[in-house]
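Have a look at the structure below, then the notes.
The values are calculated or read from the model by the stated rules, or taken from the named source; none is laboratory data. Computed from a prediction, not measured in an experiment: that's the story for all the values here. Don't worry about glycine lacking a Cβ; one is built from the backbone with ideal geometry, like all the others, and counts go over all protein chains shown. Just the protein is used for accessible areas: all its heavy atoms, side chains included, with ligands, DNA and RNA removed. Shrake-Rupley method; radii C 1.70, N 1.55, O 1.52, S 1.80 Å.
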Amino acid sequence: MSAARRCGPPRALAGLFVWHLKNTGIRQVPCQFVHLCRVANNRLITFQYFNFLKRMYVTQYNKDLSQRAKPKSDSVASPFCDLQQLDQEKKVIHKIRPISPVHQPLSKTSNRNELREMKSAAETEDSVTRVRAESKEDRQWKEMKLRLDDLPGILARLSKIKLTALVVSTASAGFAMAPVPFDPTCFLLASLGTGLASCAANSINQFFEVPFDSNMNRTKNRPLVRGQISPLLAVCFAASCGVPGITLLTLGVNPLTGALGAFNIFLYTCCYTPMKRMSIANTWVGAVVGAIPPVMGWTAATGSLDAGALLLGGILYSWQFPHFNALSWGLREDYSRGGYCMMSVTHPGLCRRVALRHCLALIGLSTVAPVLDITTWTFPIISLPINLYISYLGFRFYRDADRSSSRKLFFCSLWHLPMLLLVMFTCKKSFLEKEDKGDPLGESHGRAMEIRLP
């Protein structure tokens, strides 16, 4: 009994405390929370048990802090429906009609200005709608169909008609510089055969470079890249140009010129084209390819490979380095994407040095022409200003190494070559002067005529 009496008062006090705790609620928040922690059967309070007591206290004595579940919506819209709605909203084009002007006592000039503004606004809206419709049509895939009306233009781009025209013009310059009487029939046959050989070489070059041209902005619109013609048609066109061209040069002109034409096609398609992805030596091989056409013109006229032919080839050889190096300097990103190994990409310092060296070499080659008795001494004097100017631009390109200097050098090279060849032709020594000096040119010309005959 004594033990029960001793335990009775503490139990009664505990019950009163719990009753008081329920009635007071939130008023004595800190005291109640500390009491709950102390009377928890004298257990060791851990961090997890502390969080448990905190959650129990919140749910029991503070009903406002209890979580409330948010009811779900009845229907969940799929994302595809939203995308369809967005597409429909984009397709709908709202055309705002011009509002008729309010009749107010305004001047005639103000009314005219308002009418002009409304007309211009309507025109801009119509143009915007047309552009949107065209851009949507461009994004859609279309099958490229070959039309007969477009075939000549496609074949012209396949054969690089501008480059072919440059090749024919340099061959014509070589023919005109030959110290023999002018033969118009032979000139036409040589020009036609050289042009056909150039078309064949350019077509085969584009056939091999289709996967690489598609990565370059400069060449991504070529016919084979865009699929305007099939590769089989391109090869057939190259064969239909190459075989008659070489046959014409061999039988109609002379075998030496035909052999040079066939060698040039082989050098361009089988050496220069694959070397563009292997070594920077492709630039030197390409310069040799560009130097052969004037030599072909000389051999077509004379039937022999003389020092004058080599001089013309040397001028074209040196001219191509400032021309192409300046062009490739502005296309370094394109050549990198295409995977081509160019001096401007891998060896930029060498690219600028080589361009400057060959600009200066043009001055020396112009001086050699009267020494070889091809031109008079007025040629190096007259050609000195244009040679000095291109050398100055080559030095600017070497020093500055920027796009501005490279563009100036490139555009200068476009007019420098035809002007230099024109000055060289005007300063050419006449055929009669050489006969007076006792040059046995008639015999060599006779031998050339014998070689030309089949």
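Structural remarks
- Shape box of segment 153-228 [Cα atoms, principal axes, largest first, Å]: 49, 18, 17
- 1.4 Å probe accessible area per residue over segment 159-260, in Å²: 42
- FRET efficiency for R399 and W284, using Cβ-Cβ distance with R0 set to 35 Å, rounded to 0.05: 0.90
- Per atom type, segment 237-339 shows carbon and sulfur on 74% of its accessible surface, probed at 1.4 Å.
- Overall Cα dimensions of segment 184-238 - principal axes, largest extent first, Å: 44, 23, 15
- Loop-located chymotrypsin sites (Phe, Trp or Tyr not before Pro) in segment 295-402, at most 15 other Cβ atoms within 10 Å (DSSP): W377
- For the pair R226 and S336, a Förster radius of 30 Å applied to the C-beta separation gives a FRET efficiency near 0.85, rounded to the nearest 0.05.
- Per-residue surface analysis assigns F411 an accessible area of about 100 Å², computed on protein heavy atoms at 1.4 Å probe radius.
- Coarse-grained scattering of segment 282-431 at q = 0.08, 0.12, 0.19, 0.20 Å⁻¹, given as base-10 log I(q)/I(0) from a Debye sum over alpha-carbon atoms: -0.24, -0.51, -1.10, -1.18
- Using all pairs of distinct alpha-carbon atoms, the Kirkwood hydrodynamic radius of segment 314-388 works out to 13.7 angstrom.
- Inter-label distance, V371 to M419: 2.5 nm, where each label sits 7 Å from its Cα along the C-beta direction.
- Over 21 Å (Cα to Cα) - which of K220/K276; K160/K408; K160/K428 fall in this group: K160/K408; K160/K428
- Over segment 289-406, accessible surface divided per residue gives 37 Å², non-protein components excluded, 1.4 Å probe.
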